[in-house]
Amino acid sequence: MYSIEKVLADLRSERKKKVIIDSDTYNEIDDQFAIAHLMQTQDRVEICGMTAAPFYNWRSDSFGDGARRSFEEMIKIRSLVDPFSEIPVRMGSACQMPDIRTAVSSPAADFIIETARMMTDEPLYLLGIGAPTNIASALVKAPDIIDKVVVVWLGGNEVKLESNAGEFNMDQDFNATRVLFESDVALVQYPANCVTSTLWINENTMREELTAGENPLCSYLHRFFLWLKGEKENYGRIIWDIAGSGCFTVPEATTFLIQEKPALHPQDYTYDFSSCGGKKMIYADAIDPHGIIRDMFERIKKIGK
Ligand SMILES: [Ca+2]
């Protein structure tokens with residue numbers, strides 16, 4: 001297992017890292033930016049694959065339908081960034097984990113296991129930007145890979161919070177989230193409130209940057225943004241998930257802390273530091289949203305050029 005100190009030094013280094021992106025791509029508009037951002041960062045990452053995470057909201061009929069739609073959206077984004085890309089894409093879980101000891105089988109979980117087992121002298125980074133069902137299922141099904149992976153997960157609210165820590169990704173699969181916090185896996189947490197929530201982009205910036213891009217990916221994202229905007233004025237969106245791609249593309253834009261890894265109370269979804277047993281994790285305490293947003297637009301505008 002990689003020590004937390006070693007992982008932090010690795011994150012801050014320019015070493016090219018192997019990454020699998022696990023994303024609920026279709027659930028809104030932010031995952032698409034994050035995938036494109038990371039695909040445009042081949043100087044710093046090698047994307048070993050992408051796995052479709054389940055979700056259930058107004059953009060899907062069920063968790064399984066969410067994974068299926070995310071799978072299709074991933075393939076679309078992959079091809080808009082690079083029509084010749086051969087990055088593997090795998091279908092994810094059709095449901096949530098029923099408890100913390102029962103994995104949900106899926107091609108995504110199996111792909112994560114197979115890829116992790118091939119690692120010899122470097123970690124495989126699992127970038128989770130959705131419900132962590134696929135990632136946690138892989139860890140539960142094949143505990144031997146815990147020594148070979150680092151999970152970078154966007155979810156939960158800040159650890160200082162004494163009330164319910166839930167947000168969309170945690171609430172979508174609370175058992176899977178507990179696996180990330182309560183197992184020995186090396187975890188990098190980007191909380192939602194006060195951290196990824198600062199990644200707000202207004203309609204003027206979206207129009208200027210995406211129009212300047214003049215490529216199929218930027219055109220697609222702009223059309224999607226305008227559809228979400230509808231008749232609303234002074235519209236903007238939080239593009240949460242580019243904190244995850246930014247972790248690899250501009251690590252200097254995140255203030256990382258090493259701190260105790262809490263457990264999670266199953267009753268009220270609060271962090272519990274009384275039973276953490278001295279485990280440590282890396283915690284994104286703050287980000288420079290402008291640095292990440294600038295890097296993202298600079299990279300996606302270069303698609304096709
Ligand atoms: Ca997401």
Residues being within 10 Å of the ligand (Cβ to nearest atom) and outside any strand (DSSP E or B): count how many of those fall in the stretch 1-32.
-> 9
Considering only the stretch 162-191, state which residues are under 19 Å from residue 54 (Cα atoms) and within 16 Å of the ligand (Cβ to nearest atom).
-> 166, 167, 168, 169, 170, 171, 172, 173, 176, 177, 180
Tell me which of these residue 160 doesn't satisfy, since it passes every other one: (1) at pLDDT 95 or above; (2) outside any helix (DSSP H, G or I); (3) surrounded by fewer than 24 Cβ atoms within 10 Å (Cβ to Cβ).
-> (1)
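Yes or no, residue by residue, for (1) at pLDDT below 95; (2) within 16 Å of the ligand (Cβ to nearest atom); (3) surrounded by fewer than 18 Cβ atoms within 10 Å (Cβ to Cβ):
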{"residue": "210", "(1), (2), (3)": "no, no, no"}
{"residue": "213", "(1), (2), (3)": "yes, no, no"}
{"residue": "221", "(1), (2), (3)": "no, yes, no"}
{"residue": "227", "(1), (2), (3)": "no, no, yes"}
{"residue": "237", "(1), (2), (3)": "no, yes, no"}
{"residue": "240", "(1), (2), (3)": "no, yes, no"}
{"residue": "243", "(1), (2), (3)": "no, yes, no"}
{"residue": "246", "(1), (2), (3)": "no, yes, no"}
{"residue": "284", "(1), (2), (3)": "no, yes, no"}
Taking first residues from the stretch 13-36 that are over 20 Å from residue 148 (Cα atoms) and second residues anywhere that are aromatic (Phe, Trp, Tyr) and modelled with pLDDT under 95, the pairs with Cβ under 6 Å that are 6 or more apart or on different chains are none
Residue 31 vs. criteria touching a strand residue (DSSP E or B) at 6+ places or on another chain (Cβ under 8 Å) and within 16 Å of residue 76 (Cβ to Cβ) = yes
Pair list, Cβ < 7 Å and 6+ apart or interchain, from the stretch 165-193 residues that are under 18 Å from residue 254 (Cα atoms) to residues that are of a type in the set (S, T, N, Q) and modelled with pLDDT of 95 or more | 190/196; 191/157; 192/157; 193/157
Mind checking whether some residue in the stretch 82-98 is crowded, with 17+ Cβ neighbours inside 10 Å, touching a Lys or Arg at 6+ places or on another chain (Cβ under 8 Å) and either aromatic (Phe, Trp, Tyr) or closer than 20 Å to residue 125 by Cβ (or both)?
-> yes
Considering residues of the stretch 51-81 that are of a type in the set (Ser, Thr, Tyr) and touching a Phe, Trp or Tyr at 6+ places or on another chain (Cβ under 9 Å) only, the residue surrounded by the fewest Cβ atoms within 10 Å (Cβ to Cβ) | 62
Please determine, by comparing only the residues of the stretch 112-142 that are in a helix (DSSP H, G or I) and without any contact (Cβ under 8 Å) to a residue 40 or more places away in the chain, which one is farthest from the ligand (Cβ to nearest atom).
-> 117
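The values are calculated or read from the model by the stated rules, or taken from the named source; none is laboratory data. Predicted model, so just to flag it, every value in this text is computed and none were measured. Ideal geometry is used to build each Cβ from the backbone, glycine not excepted, and the neighbour counts take in all protein chains shown.
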